[in-house]
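Accompanying notes for the structure given below.
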Amino acid sequence: MRPILLQGHERPLTQLKYNREGDLLFSVARDKTICVWYSHNGERLGTLEGSGGANFSVDADPTTTIVATGSADQTARLWDIKTGKTIHSWNFKTTVKRVEFSPDGTKLIVLSEKMMGYPGGISVFNVKADVNATQETEPIMDIKPEEGADKFSFAVWSYGGKYIITAHADGSLSKYDGATGEFIASTQIHEEKFPITDLQPSPDKTYVITSSKDKTARLTDVDSLKLLKTYKTDTSMNSACITSKKDFVILGGGQDAKDVTTTSSRDGKFEARFYHKIFEDEVGRVKGHFGPLNCVVAHPNGGSYASGGEEGYIRIHHFDPSYFDFTYDVERFAAKE
Amino acid sequence: IDAMEASEASRELIMLRKRLLEEWTAWRAQTDKKLEELGLVEPEPAESEYTTIE
């Protein structure tokens, strides 16, 4: 599993995202560059130029026509992938931390941060995946955290755009109606004193994985908000994703940047960790980064994954045949039955 | 005795994994059915057109 090293950022990576087919990988970091890469060979297709600050989030619409980004310049932008130019921009009062297209590509979640007297929250916009279309300037709904709930950190759509699932700084998850924005339910998933650091849906968007500074990643069913699985590690986790094809989850993290000077990369725990999704066992690790892993994402076809580090590098790993051959006895028996 | 205990432990582990796998498979079957009823079943993502780069 020889990795491909992508060097396009000067600052820590903040999010990686594959398009629907997985032929392209988008990357954003705490710098102004937004990169688009060919995922099979790591060649850079181009950059999206014009962001005024660090970027925290990126997503391509299902037809890979336009890209949305969220930035510390307090904008959410839409870009034309072909030309790399901004086609629309929405202004907010604070940093935009998350953007995500609905599964049908007609709506966009924009999560702005709570900061200095501004409540932040989630705005949902109608969008058209057409570079010549005029985009709507006003959101169709605004969602604020419930009374007493902690601020939103992440938000994703569930299957069919039915729900919006949000992660909070206090380790809880909430569920909102995807059509009306109405609050449905909330549940404590991670330990309260530790923030959730990532939220990603399963390939079919019926369950989600979250990672936390509480040194775990966990799976939650979106319908019942029931905790399904817990993956325990020995260090704080920054990101987690669910692979297709194999029943694995991939976790990334490592010692916090502020503590890194006290340790060598050897004991910084800067490895991607593979866990069996159903049995919760750790099955393998992949080394390579020399800082904490800030983001891990699984290729939609399950054949590879990418990780982005605090040190500014991205690594793409294509899996060897042995990865696909690995099964537990009980899985082999079940497959035969 | 150690071997007996070890085999007992491994038997329990196998039984546990068997149960976890059955539970998961049953839940997934239920979910797949629901997605199908909602008309949300997406075609499987296409097999990769490229091979592993060595």
Inset, instruction - For region A:176-187, take each phi angle, set θ = phi - 60°, evaluate the Karplus expression 6.51 cos²θ - 1.76 cosθ + 1.60, and give the result in whole Hz per residue in order, putting x for glycine and proline. - result: 10, 5, x, 9, 10, x, 5, 5, 10, 6, 8, 8
Inset, instruction - On a C-alpha basis, how far is the centre of region A:172-245 from the centre of region A:14-47 in Å? Whole number, if you could? - result: 24 Å
Inset, instruction - Just need the Rg to Rh number for region A:59-174, please, alpha carbons only, Kirkwood Rh. - result: 0.96
Inset, instruction - Using amide H atoms built 1.01 Å from N in the peptide plane, name the residues 5+ places from A:Phe56, or on other chains, whose amide H lies under 5 Å from its own. - result: A:Gly70, A:Ser71, A:Ala72
Legend entry - Shielding by other protein chains, A:18-26, mean Cβ within 10 Å: 1
Inset, instruction - For region A:119-220, just say rounded, prolate or oblate: build the C-alpha gyration tensor, square-root its eigenvalues into a ≥ b ≥ c, call rounded for a/c under 1.5, and beyond that prolate if a/b exceeds b/c, oblate if not. - result: prolate
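Other chains' Cβ within 10 Å of B:16-24 residues: what's the mean?
Numbers: counts 2, 9, 6, 1, 6, 8, 3, 2, 6.
What the average comes to for B:16-24 is 5.
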Inset, instruction - Could you work out the relative contact order of region A:1-333, using alpha carbon pairs under 8 angstrom and six or more residues apart, expressed as a whole percent? - result: 13 percent
Inset, instruction - For region A:71-78, just list the computed ³J(HN,Hα) in residue order, Karplus coefficients 6.51, -1.76 and 1.60, θ = phi - 60°, integers in Hz, with x standing in for Gly and Pro. - result: 9, 6, 6, 6, 10, 10, 10, 10
Inset, instruction - For chain A, with a Gaussian network of springs between Cα atoms less than 10 Å apart, report the residue from A:Ala60, A:Ala72, A:Ala149 with the top mean-square fluctuation. - result: A:Ala149
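Would you mind telling me the share, in percent, of accessible area of region A:1-333 contributed by carbon and sulfur at probe 1.4 angstrom?
Whole-percent figure for carbon plus sulfur exposure: 47.
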Legend entry - Overall dimensions of the protein assembly as shown as given by Cα atoms, namely Rg and Dmax in Å: 20.6, 76
Legend entry - Cβ crowding within 10 Å averaged over residues, with A:44-56, A:244-256, B:29-41 ranked highest first: A:244-256, A:44-56, B:29-41
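The values are calculated or read from the model by the stated rules, or taken from the named source; none is laboratory data. Quantities reported herein were computed from a predicted structural model and do not represent experimental measurements. With ideal geometry, Cβ positions are generated from the backbone for all residues, glycine too; neighbour counts draw on all protein chains shown. These area figures cover heavy atoms from the full protein model, side chains too; ligands, DNA and RNA do not enter into them. Shrake-Rupley method; radii C 1.70, N 1.55, O 1.52, S 1.80 Å.
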